[in-house]
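Visitor: Take this structure first; my questions come after.
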Amino acid sequence: MAGAASEPSAERPSFDRGTSMLQYRTRRIIRTGLAILALTVAPAAVLPSGPALAAPPPRADLQLDLTAVTPAAMIQPDGALVHLRATVDNIGAAGVDDLTVTLKPPAGSRIVGDPSWQCDYTTFVCVNIYGPVPAGGTAEPLSIYLSLPAGAAGTVATVSATAATSAREASRTNNTDRVSVTYQPIADLTLLPGDAGGVYPEVELPISGGDRAVTFTVRNDGTGTAQDLRLVIEWPEGVTRNIAPVAGTTNWQCEFAATSVVCTAGPLAPGSTAGIYIPLTFPAGTLDQRIAVHGSVTTSGPEWQTDSNNVADAWFRYAEI
């Protein structure tokens, strides 16, 4: 109606033009930033991941252990003799098809006899001839004798050895080892199944049995004196000790048991021998039946090598005699 007062309308905030444009641009920038962030993050969540890196292939890992089998290098007229053994373990995760060990002894050394591997006597490179070495396996040990340069007692010589293969290895820090040996005159005993002459035929026995003496000879092949001798002789059941006294080329002291005897004697100089004769009584047997009497010798002092040379068998055979 004319003249009627109009009702008040709700007030609207008023902004000036500059403030309104600033707020608009700010909101737009924020929306644009959020959109870009969404586009950046979303593909990372939905795109498939690439393949994992392959693990490195398994490799071999050779570990060499060099030891002196003999306690000393035995002094000889032209040098000093030592027996070495190289053991190679494959502690890796893959096998090896080839294997060599290279020795580095002092200048003037030489290989003596036949090593257990195929060795070059000039370069000291030895080739394993026993086939591949699997992962976790051990190669057949290299057994080798070396004659070292001449020197006085007490001289110390060092020999090194290094294992190698054409296969890639996880590490080569354990491929080399060293051993030091001291020059020394030392005893080396050999037991012979008979007299010192070197011919040891079977001793014949009558089929009805009878008395026979078993003969052994101890020889010192070393260059030092054996401090003493301990000889153990064993025979099978049925064979008995004869009442005749023990004889020999040295003063043996013997203690008997039912099927064995232990005899001891004093020092034995280098190159010397000591023989012993033990009277035994053998039972009846059959034609061509064979009986072995076993002997072994040791010394309480140092010995260059205690091996198959320290044992021997004396053989008896039943025959028509």
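Just so you know, all these numbers are worked out from the coordinates, no wet-lab data involved. Nothing here was measured: the structure is a model prediction, and the numbers come from that model. All Cβ positions, glycine included, derive from the backbone under ideal geometry; neighbour counts span all protein chains shown.
Visitor: Can you tell me what percent of all Cα-Cα pairs in the stretch 189-319 are more than 21 Å apart?
Guide: On the way: 3230 of 8515 pairs.
Tail of the P(r) past 21 Å holds 38 percent of the pairs.
Visitor: Here is a further query. For A170 and D78, what is the calculated FRET efficiency with R₀ set at 41 Å and r taken between the beta-carbons, to the nearest 0.05?
Guide: Here the calculated transfer efficiency is 0.40.
Visitor: With the crude spin-label approximation of a point 7 Å out along Cα→Cβ, what separation in nm comes out for S296 versus Y200?
Guide: 1.5 nm
Visitor: Report the residues of the stretch 299-321 in range of a label on V232: point 7 Å along Cα→C-beta, backbone N strictly under 20 Å from it.
Guide: Residues 299-315 fall inside that zone.
Visitor: Ranking C254, C119 by Cβ neighbours within 10 Å, fewest first, what do you get?
Guide: C254, C119
Visitor: While we're here: If the label point is 7 Å along Cα→Cβ of I207, which residues in the stretch 283-308 have backbone nitrogen under 19 Å from it?
Guide: From the stretch 283-308, the list is 283-291.
Visitor: Now for a separate question. Could you calculate the FRET efficiency of T123 with S180 from 1/(1 + (r/R0)^6), where r is the beta carbon distance between them and R0 is 30 Å, rounded to 0.05?
Guide: Values: r = 22 Å, r/R0 = 0.74.
The formula returns an efficiency of 0.85 here.
Visitor: Over what distance in Å are the Cα centres of the stretch 176-191 and the stretch 56-112 separated?
Guide: The stretch 176-191 and the stretch 56-112 have Cα centres spaced 15 Å from each other.
Visitor: With the radius of gyration and the Kirkwood radius both derived from the Cα set of the stretch 62-184, what is their ratio Rg to Rh?
Guide: My calculation of the ratio gives 1.00.
Visitor: Using a basic spin-label model with each label point 7 Å from the Cα along Cα→Cβ, how many nm lie between V156 and T281?
Guide: Calculated label separation equals 6.0 nm.
Visitor: Mind checking the full-extension length gain between I91 and A68? Use 0.36 nm per residue of separation minus the Cα-Cα distance, one decimal, nm.
Guide: Length gained between I91 and A68: 6.0 nm.
Visitor: Take the alpha-carbon centre of the stretch 209-260, take the same for the stretch 286-321, and report the distance between them in whole Å.
Guide: Their Cα centres are 10 Å away from one another.
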